[in-house]
Amino acid sequence: MRTRSLAAIATVTAIAASVPTASADQGGTPNGRSTYTFAAIGDVPYGADQIAAFPGWIQQINADPDVRSVVHLGDIKNGSSVCSNEYFSMIRKDFDTFADPFVYTPGDNEWTDCHRQNNGAYNPLERLAKLRSVFFNQPGRTLGQKQMNVYSQASMGLPENVSYRKAGVDFAAINMPGSNDGTQPWTGLGYTEPTAEQMADYRLRTKGAIALLQKTFGEAKKRGDRAVVVMQQADMFDPTYSPTPEDISAFTPYVQALAKEAQQFGKPVYLLDGDSHKYNDDRPLAPGSTWLERYGVQGSVPNLERVTVDGSSNNTDWLKITVNKPGSAKVLSWTRVPYTS
């Protein structure tokens, strides 16, 4: 869930780091020879009713014979509930019931915003460490009953950042949360400015995020792959309000890196996110977009298409996404599938 801060936050410039090369195609899907379908969800479960319904929703996704994997785009709880160990363990048990490989990227509600009094007044970095121990205890492997090998940035201390390849399309899941990428002050702990440890974490995560973008796009270009899919929680292009620098400034180096890589790639790039809770499909960095100036992007990025999944009170469906056969009008196509329970 997006939050606003009254304190100004300086934009921090991050330098990308090189990382080792991963295997070409985890899961054995031949490049360019078949379709590949996966499910995307996010901002779920929110509140008691959704917590009760979530196991049934998982079984509905499991029952779809087309689905080969599932991605959760962050926010495993609402923004006003406690970030307890018990809750994390309960959600991990739910995640373990997904039949297919399950990729999860953290959202702000389960760590960056846990400083709030009604969240338990936790140190957010302690909660991030707990998330990593609960959900990323096997770096290089997904969750789910049928686990899949993935490239992981565990060597950088970022086991949640992973990449993999399916049907000639490269995927990257990146810990990019809302709340201005986790840099808004921990007001629940009495702070009015970001702490030194908070900004050190931001710099590390930004470094890792840009490195994973560079690796993913670099390998896609080298192999001549058809598209790149980037998956994260933060809606950096939220169309529902006019942001201030305190809302989005920390995303700037990452957005600029994403724009540069997408421009150089020249083929379709898809950004899957949650955060703003309402389904949306747009091209946020197309010519004439106000986001170009806000983020200081040079040129435009018409090949970047962003899709936001329904979440929170709008969470009545899941997104069924298919990598289409070569020669199709679009590399990816998708449909919203209503929950039936």
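Things worth noting here:
- Annotation: peptides 131-144, 167-180, ranked by per-residue average of other Cβ atoms within 10 Å with the highest first, follow the order 167-180, 131-144.
- 14 Å beta-carbon shell around ASN303, net charge (K/R +1, D/E -1): +3
- The convex hull built on the alpha-carbon positions of the range 208-303 has an orientation-averaged projected area of 6.0 nm².
- A Cβ-based charge dipole, computed about the Cα centre of the chain with Lys and Arg at +1 and Asp and Glu at -1, lands at about 1140 debye.
- Note on the range 36-338: antiparallel DSSP beta bridges, both residues inside, total approximately 55 percent of the bridges counted.
- Simple Cβ-charge dipole of the range 82-205, Lys/Arg +1 and Asp/Glu -1, about Cα centre, in debye nearest 20: 400 debye
- Here the chain has an Rg and Dmax of 18.5, 56 Å, counting Cα atoms alone.
- Within the shell defined by Cβ-Cβ distances under 11 Å, the residues around ALA220 carry a net charge of +3, with Lys and Arg each +1 and Asp and Glu each -1.
- Separation between Cα centres of the range 221-246 and the range 287-306, rounded to whole Å: 11 Å
- Taking a ≥ b ≥ c as the square roots of the eigenvalues of the Cα gyration tensor, an a/c ratio of 1.5 or more together with a/b larger than b/c marks the range 98-253 as prolate.
- For the range 182-341, the equivalent ellipsoid built from the Cα gyration tensor has semi-axes of 27, 22, 15 Å, listed from largest to smallest.
- Between the range 118-195 and the range 93-108, the Cα center-to-center distance that results, in Å: 13 Å
- Each Lys and Arg contributes +1 and each Asp and Glu -1, all at the Cβ; summed about the Cα centre of the range 189-278, the dipole is approximately 740 debye.
- Leading residue at positive end of dipole, the chain (Cβ point charges), from PRO185, LEU143, SER341: LEU143
Every number in this text was worked out from the coordinates using simple rules, so none of it is lab data. Since we're looking at a predicted model, the values are computed, not measured. Quick reminder, even Gly has a Cβ in these numbers, built from the backbone with ideal geometry, and neighbours come from all protein chains shown.
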